[in-house]
Amino acid sequence: MKRLITFVFLLFFLTACNEVKVMSYNIHAMRGMDGTLDAQRIADVILAEDPDLVGLQEVDHLTERSGKMDVLSFFEDHCGMHVVYRKTFDYQGGAFGNMVLSRYPVIETKEVRLPSRMEYEPRLLMMVSVRTERGDTLHFYNTHLDHHAGDSDRPAQMRRITEELAADGQKIILLGDLNCQPGSEPLERLGRYLSRCGSEEKTYPADDPERVIDHIYYSPGRGLQCREIRVIPETTASDHRPLTARFRIRK
C-alpha cells in the first residue's frame, strides 16, 4: 500500500509540474566585443543553451549598420522558434527594439510604451503570452530600461511596469536589461510585486563583468519556482553576457 501511495504521489507530482528555461540577452545589435557584426554567433549561443523562451534587447532590424538584415527571418530560421518583435524607435532605415523567441505557441502579445523624455531613447515593455505543452499559460515580459546615470527615466518606467504587473493575474516571468543594480529604487519597487531569481549575477561588460544589470523576476505565489540561475561565460558575441534561469511550473 505504501508503494502504491508513493507511486500515485510521484505520478501526480510529475503530471502537475512542468519546467521552463528562459534566457535574457542584450545582443548589442549583434556586434560583439571585437567590433564584428555576427548574428550567427548570437544564434549559436542561444542554441547551445536550448531555452524555451528568450528575451533579446538591442535588436536591429533592417538597419544600415546591420547590413539591412531581416532579423525576424534570421532568428526564426536559425533557432526554429516563434519570433515576436517590437520596435522602440526607427533607426537607419529600419528599427531598433526588443524581441522574444518562444518554443511554445504564442496566444497573445502586448506592448506598453514606457515614460521616456524626448532627449532620451524611447523604451517599451513587451509581453508575450504562451501556453506550455501541459497547458500552463505564462506571461513572459521583456524590457530594456533607460541607461542614463543620475537623472534617469528608470523610476518612472518601473512605476509604469509595476502598474501593468499589478493588473496581471497570470503566472509571470519578467526579464531584461534593467540598467539597475540590486538595492536601487526601481528594483526595490519591482520587488514588491515579483521575486528576483538569483542575487549577484554580473553580466556587464562581457569580457570582465562587474555590474549586475540584467535580471530575471517571477511571480512566486502563482505556481512558479526558480530552480537555477546562471550567467553564461560568453565573452565575445555581445557586450553583455546572457543570463538563463530554470523554473518549475505547478498547476
* **Residue match in region 196-219 (condition: of a type in the set (Asp, Glu), farther than 19 Å from Thr143 by Cβ and outside any loop (DSSP other than H, G, I, E, B))** => no
* **Qualifying residue in region 231-238 (condition: surrounded by 21 or more Cβ atoms within 10 Å (Cβ to Cβ), in a loop (DSSP other than H, G, I, E, B) and within 16 Å of the chain's Cα centre (by Cα))** => yes
* Does Thr137 count as modelled with pLDDT of 95 or more, among the polar types (S, T, N, Q) and either touching a Pro at 6+ places or on another chain (Cβ under 8 Å) or buried (at least 20 other Cβ atoms within 10 Å of the Cβ) (or both)? -> no
* Asked: Inside region 62-78, can you point out the residues that are buried (at least 20 other Cβ atoms within 10 Å of the Cβ) and without any contact (Cβ under 8 Å) to a residue 40 or more places away in the chain?
  -> Ser66, Phe75
* To do: Being free of Cβ contacts under 8 Å to residues at least 60 places away in the same chain and aliphatic (A, V, I, L, M) is the filter; apply it to region 155-176 and report the residue that is farthest from Leu224 (Cα to Cα).
  => Ala156
* Asked: What tally of residues in region 84-101 results from selecting those that are surrounded by fewer than 18 Cβ atoms within 10 Å (Cβ to Cβ), assigned to a strand (DSSP E or B) and either free of Cβ contacts under 8 Å to residues at least 12 places away in the same chain or in contact with a Lys or Arg (Cβ under 9 Å, 6 or more places away or on another chain) (or both)?
  -> 1
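The values are calculated or read from the model by the stated rules, or taken from the named source; none is laboratory data. In this text the structure is predicted, and so the values were computed from the model without any measurement. Virtual Cβ from ideal backbone geometry, glycine too; neighbours counted across all protein chains shown.
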